[in-house]
Amino acid sequence: MKSSSFLKVVALAMPLVLTSCISHKKAVKEETPKSLSVEQQEQKDLMERVKDNVQTARFITSKVKFSVEVGPQKLTLTGNLKMKRDDVIRLQLMAFGFVEAGRIEFTKDYVLIMDRINKQYLKAPWMQVDFLRNSGLDFTSMQALFWNELFKPNPVIIGKKVAASDTTATYTTLESGDDMIIQLNEGKMDYSWLVGRKDASIKMANISYKDRFNPDNSAQLNWDYDKFQTVSGKKFPTKHAIALTTAKKDVKLGMTLNYIGNDTEWETRTEVSNKYREVTVDEILRRFMSL
């Protein structure tokens with residue numbers, strides 16, 4: 001595959017990864033009622049079982065096969081996924097199976113996107129990207145999607161103050177055959193997770209944003225998890241199918257993980273060489289979105 005094709009994968013994947021998370025807004029405080037009904041007790045038990053399935057490994061590393069589909073365009077390539085709990089998520093896109101063509105790195109403090117072929121990069125705090133800042137997205141929420149976990153929407157930062165949490169928002173559950181649906185609704189945002197009734201594993205996360213005043217701003221993310229494998233005593237999905245639907249574009253990203261391990265021998269922060277040219281947030285995002 002030509003180098004330009006690998007760069008397209010980086011460009012096509014980033015709007016999906018970033019835009020998919022415009023959904024995180026206000027923090028939710030769960031309150032356990034003093035006296036629970038049978039239905040409430042079942043919901044509480046399900047939530048506990050889901051939490052018991054949370055991966056205990058501190059590191060997860062894997063070879064990855066990527067597929068990206070935007071309209072008639074479809075690209076595939078290989079790469080690596082490296083994650084350290086509560087610290088970093090890194091995706092490396094490889095050319096010819098051994099040359100790194102691009103890198104996407106998420107930490108608590110910044111988002112880093114590197115184009116190694118053209119020696120360009122973007123490194124910016126989460127809060128410097130307007131649509132990420134306004135949605136309240138942070139590293140913790142992104143980590144939950146990659147690690148197959150429930151998450152709680154985060155506080156929206158207004159100016160230099162954090163908006164008060166909406167303590168009225170609560171999780172609800174619905175029966176769906178052999179599965180259960182965990183839901184959370186907040187204003188224009190709808191969150192839902194499809195959970196196996198027997199094993200309490202998260203099979204799907206769905207996040208939708210509906211703007212009735214401007215439907216073109218509406219978007220929906222669907223993240224399916226499949227092919228679970230035991231990692232550090234807990235089941236972890238090796239197949240991720242991610243679909244982002246907007247008024248302008250449908251994007252599909254597939255990740256198949258192979259040779260999952262817990263490698264700790266790698267640097268968790270990328271140092272950018274002074275040979276690279278830094279581009280602005282607006283410049284790189286405009287380039288991605290125009291593809």
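Nothing in this text is a laboratory measurement; each read-out follows from the coordinates by a stated rule. Bear in mind the structure is a predicted one, so any value in this text is a computation, not a measurement. Every residue, glycine as well, gets a Cβ built from its backbone with ideal geometry; the counts of neighbours run over all protein chains shown.
Overview of results
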| item | result |
| --- | --- |
| Counted charge near Met94, where neighbours are those whose Cβ lies closer than 11 Å (Asp, Glu -1; Lys, Arg +1) | +3 |
| FRET efficiency, Glu265 to Ser208 (Cβ-Cβ, R0 45 Å, nearest 0.05) | 0.65 |
| Estimated FRET transfer efficiency when R0 is 22 angstrom, pair Lys275-Phe96 (beta carbons, to 0.05) | 0.55 |
| Paramagnetic reach from Asp179 in the range 210-243 [backbone N under 20 Å; point 7 Å along Cα→Cβ] | 220-230, 235-243 |
| Cross-link pairs Lys152/Lys239; Lys123/Lys203; Lys51/Lys74 - those with Cα-Cα distance over 27 Å | Lys123/Lys203; Lys51/Lys74 |
| Simple spin-label estimate for Glu42 and Lys74 in nanometres, 7 Å along Cα-Cβ | 4.1 |
| Cut-off 13 Å between beta-carbons: net charge of the residues surrounding Asp224, Lys and Arg +1, Asp and Glu -1 | +2 |
